[in-house]
1. Is it true that Asp141 is assigned to a helix (DSSP H, G or I), modelled with pLDDT of 95 or more and of a type in the set (Asp, Glu)?
2. Please enumerate the residues belonging to the stretch 93-119 that are under 15 Å from the mean Cα position of the chain (by Cα), not in a loop (DSSP other than H, G, I, E, B) and not basic (Lys, Arg).
3. Restricted to the stretch 96-120, and to residues that are closer than 27 Å to Thr68 by Cβ and hydrophobic (A, V, I, L, M, F, W, C), which residue is surrounded by the fewest Cβ atoms within 10 Å (Cβ to Cβ)?
4. Can you pull out every residue in the stretch 132-156 that is more than 20 Å from Asp204 (Cβ to Cβ) and not charged (D, E, K, R)?
5. Out of Val121, Val130, Val170, I need the residue that is touching a His at 6+ places or on another chain (Cβ under 9 Å) and more than 18 Å from Leu229 (Cβ to Cβ). Which one?
6. Output the residues belonging to the stretch 197-218 that are closer than 14 Å to Asp165 by Cα and touching a residue at least 40 places away in the same chain (Cβ under 8 Å).
7. When you scan the stretch 46-62, how many residues do you find that are free of Cβ contacts under 8 Å to residues at least 40 places away in the same chain and assigned to a strand (DSSP E or B)?
Amino acid sequence: MEFTVMTYNIRLGLDSDLATVAGIMGEADVVAVQDVGNDWFEGEKGNQAQLLSKLSGLNHHRFAASLTVKAGTNETRPAPTADDRPGFGVALLSKFPLGPWTRHRLPKRQDTQRCILSGTVVTQSGPVSVLVTQLSDNPIDRGAQIPALLRHAQTQASPLLVLGDFASEVGDEDLRQLSGLLRNAAGDDPHPTFPADNPERAIDHIYVSKELNIIAPAMPIPFMGSPHLPVMARLGL
């Protein structure tokens with residue numbers, strides 16, 4: 001069985017609109033979304049993951065908040081639960097049914113709280129474990145988050161996908177830690193994805209376990225819907 005996966009940091013749809021963003025997402029079977037809101041104070045109101053799911057035809061979705069706000073303010077704080085509203089975090093969209101899921105907080109040092117959405121995509125050929133994340137731009141935080149992400153990945157059933165905005169490139173010392181367990185679906189020299197109008201850095205990644213075949217390597221899509229380009233790969237299971 002072959003299927004397509006995508007990762008996309010949408011920046012709350014502030015640089016486009018969710019209907020247009022959803023049209024791009026609808027080209028894939030499984031999509032990891034970062035910078036997505038649930039009644040957030042910026043961007044389109046409502047549950048953006050639910051709206052994107054409806055507009056894209058990816059009828060199954062999960063949302064995990066990493067941040068919420070203090071009551072009566074726009075001052076952010078770590079979200080106590082994955083379902084906090086207002087909420088800001090990551091999401092998983094899929095044309096396949098989704099199984100059990102959880103949210104895991106990542107280490108926080110100097111930056112805002114980040115998390116992992118851990119879920120299961122139930123394909124016709126069997127379940128696939130999926131981790132969706134967005135790592136910190138702050139190297140201190142990211143240096144603690146990547147080992148935590150790797151430890152969590154090591155506990156997941158195979159086959160496994162790890163997708164998201166890693167805020168780092170494959171040659172960076174921190175990110176190289178993943179290479180013992182996972183392959184980057186773009187290979188050793190991914191095309192840059194950020195900033196979208198003049199890409200210089202490849203920081204949006206799709207990592208796969210050895211049970212998944214890379215039919216078409218991960219490539220950015222030239223769509224200027226946010227500061228990040230969406231990245232899509234075709235995989236075989």
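The values are calculated or read from the model by the stated rules, or taken from the named source; none is laboratory data. Predicted model only: the values in this text are computed from it and were never measured. Cβ coordinates were reconstructed from backbone atoms using ideal geometry, including for glycine residues, and neighbour counts include every protein chain displayed.
1. yes
2. Listed by number, the residues that qualify are Leu93, Ser94, Thr102, His104, Cys115, Ile116, Leu117, Ser118, Gly119.
3. Of everything passing the filter in the stretch 96-120, Trp101 is surrounded by the fewest Cβ atoms within 10 Å (Cβ to Cβ).
4. Ile140, Ala144, Pro147, Gln154, Thr155, Gln156
5. Just one listed residue meets the conditions, Val121.
6. Answer for the stretch 197-218, where residues must be closer than 14 Å to Asp165 by Cα and touching a residue at least 40 places away in the same chain (Cβ under 8 Å): Asp204, His205, Ile206, Tyr207.
7. So the answer is 3.
Per-residue answers, yes or no, for (1) touching a residue at least 12 places away in the same chain (Cβ under 8 Å); (2) among the polar types (S, T, N, Q); (3) touching a helix residue (DSSP H, G or I) at 6+ places or on another chain (Cβ under 7 Å); (4) not in a loop (DSSP other than H, G, I, E, B):
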| residue | (1), (2), (3), (4) |
| --- | --- |
| Val162 | yes, no, yes, yes |
| Val170 | yes, no, no, no |
| Arg176 | no, no, no, yes |
| Asp188 | yes, no, no, no |
| Leu229 | yes, no, no, no |
